[in-house]
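The values are calculated or read from the model by the stated rules, or taken from the named source; none is laboratory data. These numbers were taken from a predicted model, which means no experiment stands behind them. Please note: Cβ atoms are built from the backbone with ideal geometry, for glycine as well, and neighbour counts cover all protein chains shown. To get the accessible areas, we keep the full protein, side chains included, count just its heavy atoms, and leave off ligands, DNA and RNA. Shrake-Rupley method; radii C 1.70, N 1.55, O 1.52, S 1.80 Å.
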Amino acid sequence: MLEAAFSDERAAFLFAPYPKSTMMRQNFKPLFLLSFLLSITACSGNDPIDKKQPENPAAITISIDPSKTYQTIAHFGASDAWSCQFVGNWPDSKRNGIADLLFSRDTVASGQPKGIGLSLWRFNIGAGTAEQGAASGIKDEWRRAESFLNSDGTYNWDKQAGQVWFLKAAKERGVNEFLAFPNSPPVQFTNNQKGYADNGKPNLSAAQFDKFAAFMVDVTAGIQKKTGILFNHISPVNEPQWDWSDGGQEGTPFYNNEIAGIARSLSSALTKSNLSTQIDVAEAGQIDYLYSQSNKQGRGDQINAFFNKTSPDYIGNLPNLTPAISGHSYFTTSPYKSAAAKRQQVYNSLKSVSGLQYWMSEYCILGDNEGEIKGEGKDLGIDPALYIAKVIHNDLVNANASAWHWWIAISPYNYKDGLVYIDKNKTDGDFKSSKMLWALGNYSRFIRPGAVRVDVTGISDNEKLLVSAYKNTNNQLVTVIINQNAEPAQIALNLGTTKTSKTKMYQTSAADDLLPLSPLKDQKEVTVAAKSILTIVSDMH
């Protein structure tokens, strides 16, 4: 468990060396009952995937029951901060190659997926620090952001052109959900005329809430007119618990009453503009702040603050507020059992509000994670990918997250923060995919919006071998297995009398990126390679 006394130190870490963020259920009536049994034991051989292995009598039995359902999955996403402002203007072959990795659901002739099929894309609305240049106080030019708002109050819709390119590229490749998020209000509105705060104090006065709301609505309408894309969601504040006072990036703290005030102003402005865009709150810097004040009085206990009808900051009755609370998984992911306990606390708090969802809306590997893995140092290999897969599993299974979003999709940094890594060059460069991209793809490529998580029992205490399962709206069962062990795991499948067809398997490992394996036919066993993630997709009848 994380101690509140160390929260300020953890927040300070976020600025150096990586100044990031201190930065429905649906009514589901199955047409069948399925008993899907997996028996698992370690094996030492490297037998082909389609060769039947003898069942081990001491094997662990896993039961998957699609008749018992949990949360509905809304989307898997990532954000365009900050590299897309430049990479979106790279040569076509390069930017299209990156867009394919992030958004494509196509396959090549071999059956290999071209990309991970993200279902939501986050668009950063800049505050205007790029126009300020060095005077912005943000030393890293790549962390500054343009603003559509001119100093005279007019708008220039040719700004943020690289980001707009990626927005359209996502839409062209089948992404249907888009979320806009400012890290700071425009510098024209802030107290210090900068994109970050002074001395940990909120950088927007209440007198400016309506102007800030009008700006977000204007950007929503302007982008729709320019691209034909309407933002489905606006998330007006980001990690309001942190001080945001060293100029590492755009950002400002807020108290819960200020967030409620901004949300009310934004709700009114959206209604007047006849826009269907929904408001999302409140991007908590750690999940602790969703269910407790922790060390940030007036900035925590956000489920209660915003969704308890007796709270002075209650906004659950706003007509255009998404019935969801968002938080970030940073600094709460290790060790696994304590991480699971925190997520169960989130879920228990969610249950106090009927119909409230949880969105895990930002994560990359930060900090030292209790010695398990460090954020510093780019690593394209399988170890951080396995860690990410474990975090996703924990968020989906124990917190019942309905959404899971990565932080920066494209990174130029020597840090475990990117899905795709690039040269830090504003006009051209090389790019490489990471195993973290493909590990996310084991979920995002196959678990589609509207899927429901279904019950899995049998190995819930074994963090080295994790299994979760989901039913898509097309009656497709998707099972994700994470084997963190150094040896393969032999899995015996018992489908009973249930009829299945078109079963496919995709493996991410040190050597493979969602590699399609030999199809599972009538045999009852499958090998999960050492240190790999396997997704099994079956049509059910």
Inset, instruction - Mind listing whichever residues of the stretch 129-150 are under 20 Å from residue 223 (Cβ atoms), assigned to a loop (DSSP other than H, G, I, E, B) and open to solvent by less than 10 Å² (accessible area, probe 1.4 Å)? - result: 145, 147, 148
Inset, instruction - Go through (1) in contact with a helix residue (DSSP H, G or I) (Cβ under 6 Å, 6 or more places away or on another chain); (2) farther than 16 Å from residue 326 by Cα; (3) open to solvent by less than 10 Å² (accessible area, probe 1.4 Å) one by one and return the number of the condition residue 230 breaks. - result: (3)
Legend entry - Elements of type helices (runs of 4 or more DSSP H) contained in the stretch 300-411, each with 3 or more residues being within 23 Å of residue 434 (Cβ to Cβ): 382-397
Legend entry - Flag if residue 157 is among the hydrophobic types (A, V, I, L, M, F, W, C), farther than 27 Å from residue 213 by Cα and in a loop (DSSP other than H, G, I, E, B): no
Legend entry - Subset of the stretch 45-95 (residues that are over 30 Å from residue 324 (Cα atoms) and either open to solvent by less than 10 Å² (accessible area, probe 1.4 Å) or modelled with pLDDT of 95 or more (or both)): 62, 86, 87, 88, 89, 90, 91, 92, 93, 94, 95
Inset, instruction - Just give me the residues in the stretch 114-128 being assigned to a strand (DSSP E or B) and closer than 17 Å to residue 222 by Cα, in sequence order. - result: 122, 123, 124, 125
Legend entry - Residue, farthest from the chain's Cα centre (by Cα), within the stretch 333-348, restricted to residues that are of a type outside the set (A, V, I, L, M, F, W, C) and within 22 Å of residue 75 (Cβ to Cβ): 347
Inset, instruction - Using the structure shown, decide if residue 406 is touching a Leu at 6+ places or on another chain (Cβ under 7 Å) and farther than 23 Å from residue 461 by Cα. - result: yes
Legend entry - Residue among 211, 168 that is under 21 Å from residue 89 (Cα atoms) and open to solvent by 30 Å² or more (accessible area, probe 1.4 Å): 168
Legend entry - strands (runs of 3 or more DSSP E) completely within the stretch 434-541 that count 2 or more residues being among the aliphatic types (A, V, I, L, M), crowded, with 16+ Cβ neighbours inside 10 Å and at pLDDT 90 or above: 452-457, 465-471, 476-483, 532-540
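Conditions tested, residue by residue: (1) at pLDDT 95 or above; (2) open to solvent by less than 40 Å² (accessible area, probe 1.4 Å); (3) among the aliphatic types (A, V, I, L, M); (4) not in a loop (DSSP other than H, G, I, E, B).
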site	(1), (2), (3), (4)
187	yes, yes, yes, no
199	yes, no, no, no
241	yes, yes, no, no
274	yes, no, no, no
